[in-house]
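Each remark here refers to the structure printed beneath this line.
The values are calculated or read from the model by the stated rules, or taken from the named source; none is laboratory data. Keep in mind it's a predicted model, so treat the numbers as computed, not measured. So basically every Cβ, Gly included, is an ideal-geometry build from the backbone, and we count neighbours across all protein chains shown.
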Amino acid sequence: MKDQICYDDYQKTASWLLSQTQHRPKVAIICGSGLGMLADALKCQDSFPYSDIPGFPQSTVQGHAGRLVFGELKGKTCVCMQGRFHMYEGHSLCKTTFPVRVFKLLGVETLIVTNAAGSLADSYQVGDIMIIKDHINFPGLAGLNPLNGPNDEKFGPRFPPMSGVYDKDLRKIAFDLCKSMGVSQFIQEGVYCMVGGPNFESIAEARLLHRLGVDAVGMSTAPEVVVATHCGMRVFGLSLITNKVVKSYNDTESVNHEAVLEVSKLRSQTLQMLVTELVSRMDINNNTT
Ligand SMILES: O=P(O)(O)O[C@@H]1C[C@H](O)[C@@H](CO)O1
Ligand SMILES: Nc1nc2[nH]cnc2c(=O)[nH]1
């Protein structure tokens, strides 16, 4: 796939997908590491391996199956990415966010992002689910932004604002849902920070992030949210806290990807229920073909 992607490239992929499925999704869900089971809840599925979709990048990370699944969650049509693309895999940021613009052209209005993340907040426990309130996009602050290059006004403005992008109403609905599901004891709300990865944080880096007010750190999500916001989508995000980031030189523990995937399994059902109920409460009308 070439590095400069133009409107026609997104359009070709979207047209191909529209010709292969009757589903017309209004909601897209991106599954984080080990969270691909979110797609299992979709009814009447049509699924496509990324390798079959013209123009789509390929997943290379364990825990990211590499399948696009269309289907219904409680009667609401959704499209779900079982596997996302990360900058550290060697993709350019426009490739990592390629699906988001394709979703826009499919008619998607709301993007739900999920990820596995390490916690910096002292009060968080492994297995907590953090509703994302805001993000710090470290690569973005350093000039690595998926919106770099000529701006395509068909998608959005040259200088999009990034304040208040994690929808307040959806966050409130999610909180209320967690109460009624009896899981509020492990629900948090906080700031997600994207770093480039693929290495986990050094202790000095962890301390820096902690001081900056970061609650959870991961290696994804922010570019997808930037692109979704640029093209006018509503955004909701969840981080599953898979590990505590080591902040002390006396701590002998260290994190690894296998542990991240293990914890993802632990909370898979709760996450699936939360996302399903949230989608079912969204004010969206299904289009049919
Ligand atoms: O795709 P996400 O952000 O959930 O993946 C996280 C960050 C790294 O890709 C990986 C580390 O275990 O999990
Ligand atoms: N950067 C980063 N990404 C993660 N993904 C899951 N856990 C972590 C973590 O501790 N740090």
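Things to note:
- Close pairs (8 angstrom Cβ cut-off, 6 or more residues apart or separate chains): closer than 27 Å to residue 197 by Cβ in segment 102-119, charged (D, E, K, R) and within 16 Å of ligand 1 (Cβ to nearest atom) anywhere: 111/224; 113/224; 118/201; 118/244; 119/128; 119/215; 119/244
- Matching entry among 108, 100 (being touching a strand residue (DSSP E or B) at 6+ places or on another chain (Cβ under 7 Å), β-branched (Val, Ile, Thr) and outside any loop (DSSP other than H, G, I, E, B)): 100
- Set side by side, the residues 4, 22, 45 differ, and just one is farther than 30 Å from residue 267 by Cβ, away from ligand 2 (no atom under 16 Å from the Cβ) and at pLDDT 95 or above, which is 22.
- Yes/no for residue 214 being within 16 Å of ligand 2 (Cβ to nearest atom), in contact with an Asp or Glu (Cβ under 9 Å, 6 or more places away or on another chain) and closer than 20 Å to residue 129 by Cα: no
- Matching residues in segment 102-153 - criterion: being surrounded by 19 or more Cβ atoms within 10 Å (Cβ to Cβ) and among the basic types (Lys, Arg): 104
Okay, residues lined up against (1) closer than 24 Å to residue 99 by Cα; (2) within 14 Å of ligand 1 (Cβ to nearest atom); (3) in contact with a strand residue (DSSP E or B) (Cβ under 9 Å, 6 or more places away or on another chain):
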| site | (1), (2), (3) |
| --- | --- |
| 225 | yes, yes, yes |
| 228 | yes, no, yes |
| 244 | no, yes, yes |
| 248 | no, no, no |
| 259 | no, yes, yes |
| 262 | no, yes, yes |
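- Residue 121 part of a loop (DSSP other than H, G, I, E, B) and either of a type in the set (Ser, Thr, Tyr) or over 25 Å from residue 61 (Cβ atoms) (or both): yes
- For the criterion of being part of a loop (DSSP other than H, G, I, E, B) and either of a type in the set (A, V, I, L, M) or within 20 Å of residue 140 (Cα to Cα) (or both), residue 237 fails.
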